[in-house]
Amino acid sequence: MSRGERSSMLRVTSAAVRATLLGVFIVMAGANAQAQDIPTIRFGRQSAAEDNLWLMMAKPDLAPNYGKAYKVEWSQFRASDVAFKAFEAGQVDLFSTNANSAVTAATNGIDLKIIASLSRESANGAHTYWLGKVDGGPNSIKDLKGKTIGILSYRTGVELWARQALKTAGLNPDTDVQWAVVPFSAAADAVRSGRVAVAAAVEAFAQPALAKGDLKVVFTSKTGVPFDEELIVVNAKPSFLKQHPAAVKAFLSDLAGVTKYLAEHQTEGRQALLDAKLVVMPPEIFMKVKPYVTDMKLRPNIDNLKKQQDVLLSAGFIDKKIDLTPIVDTSYLPQ
C-alpha cells in the first residue's frame, strides 16, 4: 500500500470515528433532553387514609409511567389547612386533602379542581374514632359538656364530624366544649394524660390504642354524619392541568393501577408500606385494620360532595353553596 493510500485510509477512518462519536453525542443529548422534558409533579400528601397513594412511593415498580411520562417530588403536610397554605403559596401542583376542606376552599374562591378520590369515610370501612378513657372518662357524648375535645385541625372535616356528633346529644359546639389540636398519632397519649377528654384518631392509630384496653370509643365520624362521604381527594392547580395533561393522566392511570393492586393484594401491599416505613405500627395490628372504602376508578361521588356541602353550610363552615360540578374534573382519570 502506498503512502497516499495509507493517508487516504486514515482520513476516512478518522472521519468515520468522528461521525460515530457525533452520533453517540446526539443520542445522549437527545436522551438527556428527553429526561429533562419529563414534567415533575410536586405532590403534597396527607398523614392518613391514602394507602393507595403511599404504595406508589413504596413500590414505584407498580407505576409503569413513572420516570417516563412524569416524575414526582413528594412532600407531606400535617393537615388540610397546611396543605392549602402551601398550595396558595405555589409550593405544590397536586395535593391530597380532606374533601370537606376542598369544598370549603372552593366555596371561598380558591381556584382548584378535584380530580380524583383516594378514600371514603364510611361505616362500612375504616373511619375516625374519638377515644376516651375507660376509667373516669366520658360514658356518652353528653358527658363532654365543659370538656376539651381533640381534633386534627380547625375548620377541617375532623372538626365538622365532632361538631355534628355533639349536636346529636343536644350540646352546643360553640359554647359547651373547648377544642384542642391533637395529631392523630398523639391522640391516645393526649387522652391518657388528661390533656383532652376525647381525641380523634383514624383507624390505623385508633386500633393499636384500643388494643391496650384502657381506652374506648365515645363517638365516631358517622355519629353525626351517617351517610358515606368523600374523605381524601386529590386536588390540582388548573394551570398545571392545562400545561401537563399527559403527565397528570399518566400519574392517575398509575394510581388507579396501584389502587387495584392494593385491593387485590392487601397483605403484600401493606407489608410494602411497613417496609418503607410509611406506616409505623406493629405489623400484627396493621394487617388487621379495616381498609377504607375506595372507588377502584378513583371517581369522586358528586352526590356525596353535595350532601357534604349541605352539612358544611348548616354547621357554619361555609356561608353559601356553589355549583360543585365545575369543580370536579374527572377527565384526567382512566376511562
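Computed from the coordinates by the stated procedures, all read-outs in this text should not be read as laboratory data. Bear in mind the structure is a predicted one, so any value in this text is a computation, not a measurement. Here Cβ is always computed from backbone atoms with ideal geometry, including for glycine, and neighbour counts include all displayed protein chains.
Which whole number in µm²/s is D for the chain by Stokes-Einstein, with the Kirkwood Rh taken over Cα pairs at 20 °C and 1.002 mPa s? The diffusion coefficient I find is 97 µm²/s.
Too long at a 29 Å Cα-Cα cut-off: which of Lys145/Lys216; Lys290/Lys320; Lys145/Lys277; Lys147/Lys237; Lys85/Lys321; Lys113/Lys277? Pairs exceeding 29 Å: Lys290/Lys320; Lys145/Lys277; Lys147/Lys237; Lys113/Lys277.
Ranking of Thr40, Thr97, Thr128 by neighbouring Cβ atoms within 10 Å, starting from the fewest: Thr40, Thr128, Thr97. Ordered by the count of other Cβ atoms within 10 Å of each Cβ, fewest first, Leu53, Leu210 give Leu210, Leu53. Ranking of Asp51, Asp275, Asp254, Asp61 by neighbouring Cβ atoms within 10 Å, starting from the fewest: Asp61, Asp275, Asp254, Asp51. Shape summary of segment 128-224, radius of gyration then Dmax from alpha carbon positions: 11.6, 33 Å. Only alpha carbons enter this Debye calculation for segment 292-335, each as an equal point scatterer, and the log10 of I(q)/I(0) it gives at q = 0.24, 0.27, 0.31 Å⁻¹ is -0.90, -0.99, -1.11. Hydrodynamic analysis of segment 208-266 uses the Kirkwood radius over alpha carbon pairs. Inserted into Stokes-Einstein at 4 °C and 1.567 mPa s, it gives a translational diffusion coefficient of 83 µm²/s. Across every direction, the projection of the convex hull enclosing the Cα atoms of segment 210-335 has a mean area of 10.7 nm². For segment 248-288, the share of alpha carbon pairs falling in successive 5 Å distance bins from zero is 6, 23, 23, 21, 15, 8, 4, 0 percent. Working from Cα pairs under 8 Å separated by at least six residues, relative contact order for the chain is 27 percent. Charged side chains reduced to their Cβ positions (Lys and Arg at +1, Asp and Glu at -1) give segment 128-224 a dipole of some 100 debye around its Cα centre.
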